[in-house]
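What follows is a short report on a single structure.
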Amino acid sequence: MKTYNVNEKGYYGEFGGAYIPEMLYPNVEELRQNYLKIMAEPEFQKEFNQLLKDYVGRPSPLYFAKRLSEKYNTKIYLKREDLNHTGAHKINNTIGQILMAKRLGKHRIIAETGAGQHGVATATVCALMGLECIVYMGEIDIARQAPNVARMKMLGAKVIPALSGSRTLKDATNEAIRDWINNPVDTHYIIGSVVGPHPYPDMVARFQSIVSEEIQWQLKKHEGKTKPDYVIACVGGGSNAAGAYYYFLDYDEVKLIAVEAAGLGIDSGESAATSVLGKEGIIHGSKTLLMQTNDGQIIEPYSISAGLDYPGVGPMHAHLYTSGRAEFISITDSEAMKAGLELCQLEGIIPAIESAHALAIFEQKTFKPDDIVVVSLSGRGDKDLETYINHFSL
Ligand SMILES: *Cc1c(COP(=O)(O)O)cnc(C)c1O
């Protein structure tokens, strides 16, 4: 049977795999050999589900957005990941990975972060479990994301600046990989999206799959059926999208839409629409689509939303793009900001600017009145208040 899930070699079509330095091989191999076994253990499942319920606050509601639906003349449901503890979907993955780390006997956690959202989610679960937490972050990002740096410190994490290169996310990633090579026995590396060498994309997709697991039974209650006509999500690395798509991937009647950040415009040179603009290459240990120069140097991405500002896309999404299984649409900064403000005023929900990109789809594409459209509302907008204030001169 055709499937859009990972194969046993770690590939989605031609994308994925584990392109890593030899010195990292033992760490990644230990994880690869154990992750499915550990995830299948009843004790693991029990602890994971209990924490998702009592700590994260799951299930997150599937909310029928009545006024938004009226405006666009279709049935719009919002999957409210914004209501999770720490304000986004990222916590689903970090809870899963910290439990994985404990079962692998690790007591030191490393992570890299760009905007700081994944760093905060990682610091949170380390505090919860009493494990040492080291977060690598580019020096430039530390300066521009001060509130998240403060959060990580309050949660007990050590934030180490990456001083090389452009001093942003990719440099922080290099530092984290270097650390992991030097500390193979006691350290687990928590990656924050469906990126990285196999088995990370699959493991993270499985932890995030709780999102579409819930959508199925929640939609059944609302509409009497488990499958929507459309699932729409923004894509940075692609983890909230992977979670929202997961149980629908192999059902072609559920149409998938991935929304990327066009920044100032696809052709402006200031963009993060990585599938459309990307070429095949290797980033973060996996073969995927990424924005690169003709010499294979990574091009710095740009988006008004820090969470979509990633030069690549996870291998699952690269495959969904090239196979045509998902439709990819790019949304500019100003289109996203407008959609974000619209959600505030029609539904009383202030969305993360990442999620606002997904909402902007309704100005681009017309749906039928009886279409059931589920949008992943990946996070809340509190962290983006200053950007909203500056953009709208509030
Ligand atoms: C990090 C983040 C994203 C982008 O990451 P994905 O892995 O693509 O989901 C989207 N929305 C919010 C709120 C985020 O914090």
Between region 84-112 and region 263-321, what's the alpha-carbon centroid distance in Å? 26 Å
Among 225, 102, rank each residue by its count of other Cβ atoms within 10 Å, from fewest to most, as a rough exposure measure. 225, 102
Normalised by the residues of the chain, what does the relative contact order come to in percent, with Cα pairs under 8 Å and at least six apart? 20 percent
With the charge dipole of region 223-275 built from beta-carbon charges (+1 for Lys and Arg, -1 for Asp and Glu) about the Cα centre, the Cα from 258, 246, 224 projecting farthest to the positive end belongs to 224
For the residues 200, 77, 25, what sequence is obtained by ranking on other C-beta atoms within 10 Å, fewest first? 25, 77, 200
Is the shape of region 314-394 best called rounded, prolate or oblate, per the rule: a/c under 1.5 gives rounded, else a/b larger than b/c gives prolate, else oblate, with a ≥ b ≥ c the square roots of the Cα gyration tensor eigenvalues? prolate
Just name one of 150, 173, 161: the one whose Cα is farthest towards the positive end of the charge dipole of region 142-191 (beta-carbon charges, Lys/Arg +1, Asp/Glu -1). 150
Going by average Cβ neighbours within 10 Å, how do the peptides 292-299, 55-62, 260-267 rank, with the highest at the top? 260-267, 55-62, 292-299
Cα centroid separation - region 184-254 against region 374-393, whole Å: 22 Å
Principal semi-axes in Å for region 219-319 [√(5λ), Cα gyration tensor, largest first]: 29, 15, 10
Among the DSSP beta bridges whose two residues both lie in the chain, what percent are antiparallel, rounded to the nearest 5? 30 percent
So if I take the centroid of the Cα atoms in region 150-183 and the same for region 2-36, what is the distance between those two points in Å? 24 Å
For the chain, set up a Gaussian network in which alpha carbons nearer than 10 Å are linked by springs, and say which option among 288, 124, 366 fluctuates the most. 366
Please arrange 235, 28, 374 by counting, for each residue, the other beta carbons lying within 10 Å of its beta carbon, fewest first. 28, 374, 235
Evaluate the charge dipole of the chain about its Cα centre and quote only its size in Debye, nearest 20, assuming +1 on the Cβ of each Lys and Arg and -1 on the Cβ of each Asp and Glu. 940 debye
When a/c reaches 1.5 or more, the comparison of a/b and b/c decides; with that in mind, is the chain rounded, prolate or oblate per its Cα gyration tensor? rounded
For region 44-168, give the magnitude of the charge dipole about the Cα centre (Cβ charges: +1 Lys/Arg, -1 Asp/Glu; no others), in debye to the nearest 20. 340 debye
For region 252-394, what proportion of DSSP beta bridges, expressed in % and rounded to the nearest 5, is antiparallel? 55 percent
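FYI, it's all coordinate maths here, none of it is from the lab. This structure is a prediction, so every number in the text was calculated from the model and none was measured. Note: ideal-geometry Cβ built from the backbone for every residue, glycine included; neighbour counts use all protein chains shown.
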